[in-house]
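One structure is given here, and the rest of the page talks about it.
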Amino acid sequence: FLKGKSAIVTGSTSGIGLAYAKALAAEGAAVMINGFGDTDAIETERAELAAVSGAKALYDPADMTKPDQIAAMVARCHDELGGPDIVINNAGIQHVAPIDEFPIDKWDAIIAINLSSTFHAVRAAVPHMKAKKWGRIINTASAHSLVASPNKTAYVAAKHGVAGMTKALALEVATHGITANCISPGYVWTPLVENQIPDTMKARGLTREQVMNDVLLAAQPTKEFVTPEQVAALALFLCRDDAKAITGANLSVDGGWTAA
Ligand code: NAD
């Protein structure tokens, strides 16, 4: 149902972003992927997306800490794929440390990548969506856009920021056929979660098993990690015309975490 549409997914060389890209391509969208990683592995993913969609697929290496590179990525999508009709802001990083030891450069990087990149991408994309009177903006927020955990000040601040920004944006574009929503996953098994286990072990003096069961899954009533594919399935629904009345929402996919 996305034939003829184009989509940018930031941070889509891995984890949830890659699942979004695959889901969009499976519906025929031309997809622009973005993120860091091994050049050959990225090229393999890009080629697979093109094969699956029957449309073009491009990779853009824009660094989400660089506003000019983000604007150039959106312009390139417009020139080479049309649109963008769909923008999924998903690039994100995490750092776990008590606030009095929190590295200042990590604070700046998390705010830039997890929050400000969303502003820059949307700012550049909205004129193209307004021109077509159709658009879908989906921001990967987090359960941490609704509740907090200790030692994650930057991440929690950035994700609450994404949720607030999405609401304001939704109001601005509401009469232009454009929707803007957040998806807020609980713990999804991706490299981002796997990589924070050693720091959480250190910060809280726990074993790997204790971190997985007593810290991560403790928050999730289902006691199961969410899958990237489950998150992507919701994003796909938000792209349907059936979903045009869903805007300004923060949709949880968190195994019940934020109900508690
Ligand atoms: P991941 O580490 O698997 O993927 C992150 C992606 O962002 C990668 O493609 C990486 O290359 C890219 N990236 C990082 N820094 C970048 C930069 N400066 N410029 C461009 N790309 C950059 O992580 P994930 O778990 O798939 O996370 C994706 C999003 O989902 C993030 O915004 C994260 O905060 C959010 N999220 C994840 C979970 C979870 O449990 N995994 C839960 C809630 C929200």
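The values are calculated or read from the model by the stated rules, or taken from the named source; none is laboratory data. No experiment lies behind these values; they were computed from the predicted model shown. Using ideal geometry, Cβ is built from the backbone for each residue, glycine included, and neighbour counts are taken over all protein chains shown.
Take segment 146-155 and flag every residue that is part of a helix (DSSP H, G or I) and either at pLDDT below 95 or crowded, with 20+ Cβ neighbours inside 10 Å (or both).
Residues satisfying the conditions are 154, 155.
Among the residues of segment 91-123, how many are within 17 Å of the chain's Cα centre (by Cα) and either hydrophobic (A, V, I, L, M, F, W, C) or at positive phi (or both)?
Going through segment 91-123 one residue at a time, the tally reaches 11.
Take residue 203 and decide whether it is part of a helix (DSSP H, G or I) and under 30 Å from residue 26 (Cα atoms).
No; evaluated as a whole, the condition is false for this residue.
Does residue 167 meet the test of being assigned to a helix (DSSP H, G or I), crowded, with 21+ Cβ neighbours inside 10 Å, touching a strand residue (DSSP E or B) at 6+ places or on another chain (Cβ under 9 Å) and at pLDDT 95 or above?
So residue 167 fails the test.
Taking segment 146-188 as the search range and keeping residues that are β-branched (Val, Ile, Thr) and more than 16 Å from the ligand (Cβ to nearest atom), which one is farthest from residue 205 (Cα to Cα)?
The first filter runs over segment 146-188 and keeps only residues β-branched (Val, Ile, Thr), leaving 147, 153, 156, 162, 166, 173, 175, 178-179, 183, 188.
So of that shortlist, the ones also more than 16 Å from the ligand (Cβ to nearest atom) come out as 173, 175, 178-179.
Working: 173: 47, 175: 52, 178: 47, 179: 44 Å.
Ranking the qualifying residues of segment 146-188, first place goes to 175.
Of the residues that sit in segment 126-145 and are within 16 Å of the ligand (Cβ to nearest atom) and not hydroxyl-bearing (Ser, Thr, Tyr), which one is surrounded by the most Cβ atoms within 10 Å (Cβ to Cβ)?
Going through the qualifying residues, I end up with 141.
What number goes with the only condition from (1) modelled with pLDDT under 95; (2) within 16 Å of residue 20 (Cα to Cα) that residue 217 does not pass?
(2)
List the pairs whose first member sits in segment 181-210 and is farther than 10 Å from residue 96 by Cα and of a type in the set (Val, Ile, Thr), whose second member is more than 9 Å from the ligand (Cβ to nearest atom) and part of a helix (DSSP H, G or I), and whose Cβ atoms are under 7 Å apart, counting only residues at least 6 apart or on separate chains?
183/234; 183/235; 207/201
Sort out which residues of segment 223-254 are at pLDDT below 95 and over 18 Å from the mean Cα position of the chain (by Cα), and write them in order of number.
Result: 223, 224.
Can you name every residue in segment 91-109 that is away from the ligand (no atom under 13 Å from the Cβ) and surrounded by 13 or more Cβ atoms within 10 Å (Cβ to Cβ)?
97, 102, 107
Can you name every residue in segment 14-69 that is surrounded by fewer than 22 Cβ atoms within 10 Å (Cβ to Cβ) and polar (S, T, N, Q)?
Scanning segment 14-69 gives 14, 39, 44, 65, 69.
Could you list, in sequence order, the residues of segment 218-235 that are part of a helix (DSSP H, G or I) and in contact with a Phe, Trp or Tyr (Cβ under 7 Å, 6 or more places away or on another chain)?
Once the filter is applied, which keeps residues that are part of a helix (DSSP H, G or I) and in contact with a Phe, Trp or Tyr (Cβ under 7 Å, 6 or more places away or on another chain), segment 218-235 yields 219, 232, 235.
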